[in-house]
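The values are calculated or read from the model by the stated rules, or taken from the named source; none is laboratory data. The model shown is predicted, which means the values in this text are computed figures rather than measured ones. Note that we place each Cβ from the backbone using ideal geometry, even for glycine, and neighbour counts take in every protein chain shown. Remember, those area values only see protein heavy atoms, side chains included, never the ligands or the DNA or RNA. Shrake-Rupley method; radii C 1.70, N 1.55, O 1.52, S 1.80 Å.
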Amino acid sequence: MNQNSSNYYILSRIFENYVKKHSRKLIISIICMIIVSATTALNAWMMQPVLDDIFIDKNESLILIIPLAILLIAVVKGISSYIQSVLMSFVGYRLVADLQRDMFGSLIKCDISFFSKTNSGTLISRFLADVGALSRGVHNVIINIIKDFFTLFFLIGVLFYHDWKLASISLLIFPIAIYPISRIGKRLRKISKNTQVGFGFLTKRLTESLQSIKTIKSFNAENVETVKVEKEVENIFQLTYKSSRVNSISRPLMETLGGLAIAVIIYTGGSQVISGTTTPGTFFSFLTALLMAYQPIKSLASLNATLQMAMAAAERIFNIIDTKPLIIEKQNNKDIHLKNDTTYNVKFSDVTFAYESSNKNILSNINLNIKRGEKIALVGYSGAGKTTLLNLLPRFYEITRGRITINDIDIRDLSFNFLRNHFSLVSQDIVLFDDTIKYNICYGQNNVNNKQILEACKKANCEEFIKKFPKGINENIGEKGVKLSGGQKQRIAIARAFLKNSPFLLLDEATSSLDSRSEKKIQTSLANLMKNKTSLVIAHRLATIIDANKIILLHNGKVVEIDNHKNLLKRSKIYKNLYELQFKKK
């Protein structure tokens with residue numbers, strides 16, 4: 001698709017999906033623009049009777065009529081301009097809101113793998129800078145094309161009304177600028193694209209630095225981070241300066257051509273006034289119309305540059321909106337087959353998984369049978385595939401080969417909502433929102449009351465530290481739970497799992513941040529939570545594996561042993577080594 005075709009496709013898509021629904025406001029706005037354009041040309045035409053009839057012929061009857069007419073024209077123009085501005089502002093701001101809504105709606109449905117390969121700074125930049133650039137571009141294009149076109153149309157009418165020969169001479173000069181302005185637009189589109197990419201990297205760098213401020217200071221790395229940010233800032237400066245420099249070429253070009261046109265007209269028209277073939281009023285009316293026409297001509301000439309920058313932003317926006325998840329939810333699901341079933345036996349059959357960006361299997365030929373109510377411990381060296389195995393159950397990632405079933409129903413035949421409601425995940429990487437304790441505990445849960453929340457807090461051993469906050473469960477914990485310690489964050493996450501009360505528990509080193517005293521308190525609560533539930537636990541402490549029904553030993557993405565702690569300790573060298581390194585002293 002060439003650039004012209006691409007522009008047409010993008011503009012038509014913007015119009016059909018985001019602008020067309022405001023057609024009534026657009027029609028009224030267009031009518032107001034035509035009125036503004038007509039009154040602008042009328043002001044230029046009024047110069048002729050002002051000079052010829054009032055100043056030269058001294059017609060006293062017009063001394064009151066013409067000023068009143070000019071005042072009336074100004075009032076009509078002002079009202080029309082106001083209505084047009086308000087309506088177009090509504091369309092412009094609505095365009096921004098609708099685009100951002102659609103972008104987030106598309107992003108939130110993307111697979112987790114999408115976010116692992118796309119930095120958040122780039123996405124935020126597209127939400128803010130790109131949408132703003134597109135909105136301004138579309139807003140300017142609509143106004144310039146309509147208002148400036150009609151202004152130019154009416155002013156050209158005044159020019160030809162007065163002197164078609166002079167009008168023809170004037171209009172022959174400006175087409176010379178079309179080719180260089182077109183070239184400028186193409187360069188600006190490329191620069192604009194690189195600039196927005198630069199803003200994405202800067203946003204990413206700033207986010208990382210601000211969120212890691214404690215680490216930066218502890219390693220005395222302020223200068224290192226400053227150099228990184230300065231590099232991104234300098235890159236954006238160079239690009240924006242280059243864009244301004246390129247865009248500035250069009251202004252002196254139009255100034256020169258405009259000056260040439262006016263010089264020719266003054267010479268030719270002045271000669272006609274001196275020879276008596278035209279009146280001073282007619283000439284000055286013509287010259288006024290020409291000077292007024294200069295602004296819409298200049299505006300329309302620079303329209304291509306504005307359009308190219310907007311189109312560059314639109315391409316990136318629609319790339320996000322058009323992103324489709326690779327993990328697809330089936331419409332004809334089999335949720336009904338499990339709704340009244342509470343056995344929930346899980347089976348992995350020849351499951352193999354590899355990340356999209358890698359040819360190496362993270363998990364290979366996994367075969368497991370997990371019965372309802374069992375506590376399964378997953379052990380293995382770092383990188384063995386423990387966390388990946390947990391992530392496959394709620395379909396955060398799609399298996400490459402094989403099947404995972406719940407009561408013989410393939411999890412790919414279940415809706416996301418139904419499947420994920422059956423899993424409570426407590427990860428070593430606790431995610432807390434900049435909101436209250438209550439909000440974080442009951443996140444995603446509807447129709448829960450304070451009694452249920454407080455009961456979950458009690459079971460998760462959160463009561464003690466929550467009571468110390470002035471507002472209790474209504475205390476705001478700050479960004480990423482900055483007011484809480486690591487252990488307190490873990491217990492908030494465990495309280496969240498208590499409240500969700502799902503039949504499956506996925507615990508990814510859920511007690512890793514707890515000290516020995518806190519862990520002893522929480523282990524009892526976790527034991528109660530696991531009753532009548534199927535639990536898969538990535539082992540971090542000895543207490544986790546001692547009472548497990550099964551211990552699954554993963555090594556290099558494969559299941560090498562399944563047994564209890566006592567038997568594995570006797571016959572598996574890998575397990576014994578893990579026990580010596582990780583569990584024995586804990």
>> With angles folded into 0 to 90 degrees, how steeply does helix 280-301 sit against the dominant principal axis of the chain? Use alpha carbons for both and round to 10.
In response: 20
>> Need the C-alpha centroid separation for segment 1-50 versus segment 107-161, integer Å.
In response: 15
> How are the Cα pair distances of the chain distributed, in percent, across 20 Å bins from 0?
Replying inline: 15, 35, 25, 16, 8, 1
> Rounded to a whole number, what % of the accessible area of segment 541-582 do carbon and sulfur atoms account for, probe 1.4 Å?
Replying inline: 48
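Roughly speaking, what is the stretch gain from I28 to E356, that is 0.36 nm per residue apart minus the C-alpha to C-alpha distance, in nm to one decimal? Mind showing how you got there, number by number?
On the way: separation 328, 0.36 × 328 = 118.08 nm, distance 5.14 nm.
Separation in residues times 0.36 nm, less the Cα-Cα distance, equals 112.9 nm.
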>> Once R0 is set to 30 Å, what does the formula 1/(1 + (r/R0)^6) return for the Cβ-Cβ distance between F396 and Y439, expressed as a FRET efficiency to the nearest 0.05?
In response: 0.80
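Nothing charged except the Cβ atoms of Lys and Arg (+1) and of Asp and Glu (-1): what's the magnitude of the dipole of segment 306-373 about its Cα centre? Round to the nearest 20 debye. Could you put the intermediate results ahead of the total?
Values: 9 positive and 7 negative charges, 70 e Å.
Here the size comes out at about 340 debye.
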> What spacing in nm lies between the two simple spin-label points modelled at T226 and V448, each 7 Å away from Cα in the Cβ direction?
Replying inline: 4.6
> If one takes the longest principal axis of the Cα atoms in the chain, at what angle in degrees, from 0 to 90 and to the nearest 10, does the Cα axis of helix 250-275 lie?
Replying inline: 10
> Roughly how tilted is helix 23-45, in degrees to the nearest 10 and between 0 and 90, from the longest Cα axis of the chain?
Replying inline: 30
> Between Q100 and V273, what length comes free when the chain is fully extended (0.36 nm per residue of separation minus the Cα-Cα distance, one decimal in nm)?
Replying inline: 56.4 nm
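Using the structure shown, list the pairs from K360/K558; K451/K480; K204/K483 with a Cα-Cα distance above 20 Å, or answer none. Write down the numbers at each step before the final one.
Values: K360/K558 13 Å; K451/K480 25 Å; K204/K483 24 Å.
Violating the 20 Å limit, Cα to Cα: K451/K480; K204/K483.
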>> Cross-link candidates for K324: which aspartates and glutamates have Cα within less than 13 Å, leaving aside residues fewer than 8 places away along the same chain?
In response: D102, D111
>> Need one number: the % of Cα-Cα pairs in segment 35-123 sitting beyond the 23 Å mark.
In response: 57
> Roughly how many Å² of R403 are accessible to a 1.4 Å probe, to the nearest 10?
Replying inline: 110
> What nm value, rounded to one decimal, do you get for the distance between E475 and N319 when each label is placed 7 Å out toward the C-beta?
Replying inline: 4.5
>> What figure, in Å² to the nearest 10, do you get for the accessible area of H337 with a 1.4 Å probe and non-protein molecules left out?
In response: 110
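Taking the solvent-accessible surface of protein heavy atoms with a 1.4 Å probe, what is the per residue accessible area of segment 336-437 in Å²?
Numbers: 4770 Å² over 102 residues.
Value returned for segment 336-437: 47 Å² of accessible area per residue.
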> Across all directions of projection, what mean area in square nanometres is found for the Cα convex hull of segment 332-465?
Replying inline: 11.0
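If R₀ is 35 angstrom, what is the calculated FRET efficiency for the pair A263 and E16, using the beta carbon separation as r and rounding to 0.05?
Efficiency at R0 = 35 Å is approximately 0.15.
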> In percent, what relative contact order does segment 331-490 have, based on Cα pairs under 8 Å that are 6 or more apart in sequence?
Replying inline: 22
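In whole Å and largest first, what semi-axes does the C-alpha gyration tensor of segment 380-437 yield when each eigenvalue is scaled by 5 and square-rooted?
Numbers: eigenvalues 114, 68, 15 Å².
Over the Cα atoms of segment 380-437, the ellipsoid semi-axes are 24, 18, 9 Å.
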>> Give me the 1.4 Å probe accessible area per residue for segment 14-138, excluding ligands and nucleic acids, in Å².
In response: 53
>> Quick check: Cα centre of segment 319-341 to Cα centre of segment 465-513, how many Å?
In response: 30
> S382 to K242: extension gain in nm, 0.36 nm per residue of separation minus the Cα-Cα distance?
Replying inline: 45.6 nm
> Hey, with R₀ at 60 Å, roughly what FRET efficiency would E464 and I145 work out to, going by the Cβ-Cβ distance, to 0.05?
Replying inline: 0.35
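Taking segment 263-347 on its own, what percent of its Cα-Cα pair distances exceed 22 Å? Don't jump to the answer; show the numbers that get you there.
Details: 2395 of 3570 pairs.
Considering segment 263-347, 67 percent of its Cα-Cα pairs are separated by more than 22 Å.
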> Relative contact order for the chain: what is it in percent, counting Cα pairs under 8 Å that are at least 6 residues apart?
Replying inline: 15
> For segment 316-459, which whole-number percentage of the solvent-accessible area (1.4 Å probe, protein heavy atoms only) is attributable to carbon and sulfur atoms?
Replying inline: 44
>> Among 111-121, 44-54, how do they line up by average Cβ neighbours within 10 Å per residue, starting with the highest?
In response: 44-54, 111-121
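Using only helices, what value at 222 nm comes out for the chain when you add -39,500 (n - 2.57) per DSSP H run of length 4 or more and divide by the total residues, to the nearest 500 deg cm²/dmol? All intermediate terms of the calculation are to be shown ahead of the outcome.
Numbers: 25 runs with 345 residues, N = 586.
Here the helix-only value at 222 nm equals -19000 deg cm²/dmol.
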